[in-house]
Every structure is written in C-alpha cells, then in structure tokens.
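Here is the structure we will look at, set down as structure tokens.
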Amino acid sequence: MAAHPPIEAYDELDSTNAEARRRAEAGEVGPVWITAAVQTAGRGRRGRAWSTNRGNLAATLLTVTDRPAGEAAQLSFVAALAACDLADACLGAGAARLKWPNDVLVHGKKAVGILVESGARPDGRLWLAVGIGVNLAHAPQDVERPATAFAEHMAGQPPEPRAALEVLAHAFERWRTTWSTHGFAAVAAGWSERATGIGQRCEARLPNRTLSGVAEGLDPDGALRLRLDDGAVERITAGDVFFGGA
Ligand code: BT5
C-alpha cells in the first residue's frame, strides 16, 4: 500500500482547513493530514458552513506544490476519487457517484464535501489545503440539498473516523500518483467513470449568472462542458451544478 503523510489528530478545531492555513502561513510545508473529531466552524465553498459532528470525518491535507494554481486545483478531483474509494470500501462498489466538481453522493444524496484552499508562499510555490468532510455516522437535516451518512446505508456500524482516514489517505496517495505519473487525463477518466449527471440537463449557478443546458463531460483541465440550448458550449470552471433533485 502507498505510504501516506503522517496524521495529526485533534479532538476539536474550528476547522481543519483553517488550521492548515494557519500552519501554511507560518511556513509549514507538510505534507501532513490534520484531523479533528469536532469542528466548531467547519467551512464549505463560497463562505458556506459545513457541519461535522462526532463520528464524522473532517480532515485536511496540508502540502505544497510547484504546479500553477489552475493545475493544483485538479487535486480536488483526486480527493473526490479517494473519497469515492472510501465509500466503495464501506458501502460496496457503485453506491457512491461523483457530482461535478467534487461532491460525493451516496444513493443520490451528498455524503462528502471537499474544499481546496491555496496561497502563495514566499518561495513562489503554493501551499494547498485539501479538506475532506465525510458523513460517516450522521448527516444534517437542515441543509439546502439532501444529505446522507454512510451509516444510513450500512448494516453494521460505520468505521471510526481515524480508520476511515487511513483508507482515505491511502486512496489519495494512489490517485495522486496516477495524476503525477499519467497526468490529469487518467484522473479525469477515473472521475468520469464514476460521475453522475453526465449527459443530463442541469442548471449551473455561477457567481454572477445561472445557465442551463446539458452537462457533456470534463474538459482536459477539469472544467465542465455545458451544452447550452442554442448549441454553444460554455466551460464551467467554478460554481454549483444541480441535476434534477441534487
Ligand atoms: C463543501 O462545500 O461541500 C465543502 C465541505 C468541506 C468540508 C471539509 S471538512 C474538513 C475541512 N475543514 C473545513 O472547514 N472544511 C473542510 P459546499 O459545496 O459549499 O457545501 C456546503 C453546503 O452543504 C452547506 O451550505 C450546507 O447546505 C450543506 N452541508 C453542510 N454540512 C453538510 C454535511 N455535513 N453534509 C452534507 N451537506 C452539508
């Protein structure tokens, strides 16, 4: 099995991504996985909140890279594939599907969220905080889109967060090696095999406008190709995409 970076575990943090950012800004390079049993201010994308109750997994990989920001962002697909492998290991192959850009849905409901943050270092490289939240034991009810937890789909107990992180961290190394050895195309192929919604109509809510059309697939850099009703193709690089109910 591929060795993974060391894991540093806290009982409680505001946010494992916030801790990774503080460490990065203090000059730490990692790689290190930071995990907390409870997050008091877990965050999602675009200023949204992420809830982590005891029994769920919240973890962030702090690392640095020589790659430009656009390429480094492809690590969010690596993270999504790793989380999908964790779901497969717990729930059986096929229970989890990937929704662009990096949600993992279990039987159509969100069970994993991923937040990649980055910043420039004085040496010109980027630090990256790859944050992954997995609903192992509980899912919140008061959320905009349906959420679920692995426990709801397992006969026995869900794994302990620490055991789940071991599986996740190994899977992350495997996909990261695929990325560095074979390039993003190999990651995109793995992602596309497990994707949901490709070929379907969707609504893309972008920071400044909303578009609808058919999600055709990934561009070579990870952007979503959206075929608009007038036949034009729009490349979606950031935003939220909604397919029917999810
Ligand atoms: C995400 O944002 O899905 C990224 C979540 C990343 C969380 C990890 S946990 C470890 C690390 N440390 C952090 O502080 N963050 C990362 P987004 O796509 O913006 O989804 C956020 C939305 O999902 C919220 O507005 C809620 O509607 C919903 N939500 C919040 N908590 C949830 C949960 N536990 N399960 C499912 N949906 C949730």
For a quick check: with amide H placed at 1.01 Å from N, whose amide H comes under 5 Å from GLU216's, ignoring anything fewer than 5 positions away on the same chain? GLY199, ARG225, LEU226, ARG227
Residues of region 1-26 with amide nitrogen under 14 Å from the 7 Å Cα-to-Cβ point of THR177? 1-5
Looking at the square roots a ≥ b ≥ c of the eigenvalues of the Cα gyration tensor of region 1-88, which shape do they give, rounded for a/c under 1.5, prolate if a/b is larger than b/c, or oblate? rounded
Pull up all non-local amide H partners of VAL116: gap of 5 or more, or a different chain, and H-to-H distance under 5 Å with H placed in the peptide plane. GLY131
DSSP bridge pairs, the chain: antiparallel proportion in percent, nearest 5: 85 percent
For GLY108, list long-range residues whose amide hydrogen, built 1.01 Å from N in the peptide plane, is under 5 Å from its own amide hydrogen. ARG97
Apply the Karplus parameterisation 6.51 cos²θ - 1.76 cosθ + 1.60, with θ equal to phi minus 60°, to every residue of region 65-75 and state each ³J(HN,Hα) to the nearest whole Hz, in sequence, with x for glycine and proline. 8, 8, 6, x, 4, x, 6, 4, 4, 5, 4
Each residue of region 96-108 in turn: what ³J(HN,Hα) in whole Hz from Karplus with 6.51, -1.76, 1.60 and θ = phi - 60°, glycine and Pro shown as x? 9, 10, 9, 10, 4, x, 7, 8, 10, 9, 10, 6, x
Does region 111-179 classify as rounded, prolate or oblate by the C-alpha gyration tensor (a ≥ b ≥ c root eigenvalues; a/c under 1.5 gives rounded; else a/b over b/c gives prolate, otherwise oblate)? oblate
Subtract the Cα-Cα distance of THR210 and ALA163 from 0.36 nm times their separation in residues, and report this length gain in nm to one decimal. 12.9 nm
Heads up, region 7-193 by the C-alpha gyration tensor (a ≥ b ≥ c square roots of eigenvalues; a/c under 1.5 rounded, else a/b over b/c prolate, else oblate) looks oblate
On a full-extension model of 0.36 nm per residue, what is the gain between ALA93 and ASP142, subtracting their alpha-carbon distance, rounded to one decimal in nm? 14.8 nm
Tabulate in residue order the Karplus-calculated ³J(HN,Hα) for region 171-177, using 6.51 cos²θ - 1.76 cosθ + 1.60 with θ = phi - 60°, rounded to whole Hz; enter x for Gly and Pro. 5, 4, 4, 4, 6, 5, 5
How many angstrom separate the Cα center of region 1-47 from the Cα center of region 109-164? 12 Å
Would you compute, from DSSP H runs of 4+ residues alone, the mean residue ellipticity of the chain at 222 nm, taking -39500 (n - 2.57) per run and dividing by the full residue count, rounded to the nearest 500? -8000 deg cm²/dmol
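We did not get these values from a lab; they are worked out from the coordinates using the rules stated. All values reported here derive from a predicted model rather than from experimental measurement. Cβ sites come from the backbone with ideal geometry, for glycine too, and all protein chains shown count toward neighbours.
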